[in-house]
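Q: Let me give you the structure first, and then I'll get to my questions.
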Amino acid sequence: MPYFEQGDVKIYFEEHGAGFPLLLIAPGGMLSAVSYWENTPWNPIEQLSGDYRVIAMDQRNAGASTAPISADDGWHVYASDQLALLDHLGVDKFHVAGMCIGGPYVMGLIERAPERVASAILFQPIGLDDNREAFYAMFDSWAEKLKPQYPEVSEAAWTSFRENMYGGDFLFNVDRDFVASCRTPLLVLCGRDMYHPESTSREIAHLAPNALFIDQWKEGEHKQSAKQAVVEFLAENTPAGSAS
């Protein structure tokens, strides 16, 4: 199994296909892992690895990835993991696609390294819309299963970590002003449930100056047209001269 190790952090990843790099950030909330793509409306690993170098990863302390826990943990440590993996693989510029929690992760990468992100796809991103307690409960469920492995981590540290993740506004890690200033081409596929509010998807698409929005994308003819839109979006935003 391929791993990237940096200090005490151990990240499981997979590579499929060849061409211009595409980083995939899976759904699953705090359990975000490669395997979750198998249960999505369509699997971008299967769809896109014929044209792109698809890089998929388990986030820290999800799937087969591990890392220490501290009170200072939050969105920034995940962004650091993601960029460190890409550096390890020799990737400079890349596309990125994220579903669910992957939406904020994608925007965090653009905030950290805007010059490196050629384009970004957000499948039903999570966001705040009268649902904070649901995210706290989701975090707590994840944390309870991990606590036996980290007896040295205090309850105060777990609470701080949870607040760093889900105490914020809008997308939790970036605000509306950042999204409104984001020049990176975005493709937003609409969410429609408690964790993935329709209001969040629509507001991202409204605020971002270079955003395209897809309302229906999960079933029937909508699925096929959305898949084609993803293919066209990536092709249009792949840098000239890049293999894809």
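Every residue, every condition in (1) among the aromatic types (Phe, Trp, Tyr); (2) within 15 Å of the chain's Cα centre (by Cα), yes or no:
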| site | (1), (2) |
| --- | --- |
| Phe4 | yes, no |
| His16 | no, no |
| Gly19 | no, no |
| Leu22 | no, yes |
| Ile25 | no, yes |
| Ile45 | no, yes |
| Ala56 | no, yes |
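Q: To continue, here is another question. Select from the stretch 90-124 the residues that are of a type in the set (Gly, Ala, Ser) and farther than 23 Å from Ala229 by Cα and write down the one among them that is most open to solvent (accessible area, probe 1.4 Å).
A: Across the stretch 90-124, the extreme among qualifying residues is Gly90.
Q: Can you name every residue in the stretch 1-20 that is of a type in the set (A, V, I, L, M, F, W, C) and either closer than 16 Å to Ser32 by Cβ or in contact with a helix residue (DSSP H, G or I) (Cβ under 9 Å, 6 or more places away or on another chain) (or both)? Write out each step before concluding.
A: Let us first name the residues in the stretch 1-20 that are of a type in the set (A, V, I, L, M, F, W, C), namely 1, 4, 9, 11, 13, 18, 20.
Phe4, Val9, Ile11, Phe13, Phe20 - these are the residues of the stretch 1-20 that are of a type in the set (A, V, I, L, M, F, W, C) and either closer than 16 Å to Ser32 by Cβ or in contact with a helix residue (DSSP H, G or I) (Cβ under 9 Å, 6 or more places away or on another chain) (or both).
Q: Regarding the stretch 101-116, can at least one residue be identified that is over 15 Å from Asn173 (Cα atoms), out of contact with any Phe, Trp or Tyr (no Cβ under 8 Å at 6 or more places or on another chain) and charged (D, E, K, R)?
A: Taking every residue of the stretch 101-116 in turn, at least one turns out to be over 15 Å from Asn173 (Cα atoms), out of contact with any Phe, Trp or Tyr (no Cβ under 8 Å at 6 or more places or on another chain) and charged (D, E, K, R).
Q: Just the residues that are free of Cβ contacts under 8 Å to residues at least 40 places away in the same chain and either in a strand (DSSP E or B) or more than 15 Å from Ser32 (Cβ to Cβ) (or both), please, taken from the stretch 78-122.
A: Hits for the stretch 78-122 are Ser80, Leu83, Asp87, Gly90, Asp92, Arg112, Ala113, Glu115, Arg116.
Q: Residue pairs, Cβ under 7 Å, 6 or more apart or interchain, first in the stretch 141-152 and closer than 19 Å to Tyr166 by Cα, second open to solvent by 40 Å² or more (accessible area, probe 1.4 Å). List them.
A: These pairs meet every condition: Trp142/Leu31.
Q: Need a quick list: helices (runs of 4 or more DSSP H) entirely within the stretch 161-244 having at least 2 residues that are of a type in the set (S, T, N, Q), touching a residue at least 40 places away in the same chain (Cβ under 8 Å) and surrounded by 21 or more Cβ atoms within 10 Å (Cβ to Cβ).
A: 198-207
Q: Right, another one. So, Trp75, is that one under 19 Å from Glu163 (Cα atoms), aromatic (Phe, Trp, Tyr) and either free of Cβ contacts under 8 Å to residues at least 40 places away in the same chain or surrounded by 15 or more Cβ atoms within 10 Å (Cβ to Cβ) (or both) or not?
A: yes
Q: Quick one: is Ser80 more than 27 Å from Glu232 (Cα to Cα), of a type in the set (Ser, Thr, Tyr) and in contact with an Asp or Glu (Cβ under 7 Å, 6 or more places away or on another chain)?
A: No; evaluated as a whole, the condition is false for this residue.
The values are calculated or read from the model by the stated rules, or taken from the named source; none is laboratory data. Note that the structure is predicted; figures quoted are calculated from it, not measured. Note that we place each Cβ from the backbone using ideal geometry, even for glycine, and neighbour counts take in every protein chain shown. These accessible areas exclude ligands, DNA and RNA; they are computed on the full protein's heavy atoms, side chains included. Shrake-Rupley method; radii C 1.70, N 1.55, O 1.52, S 1.80 Å.
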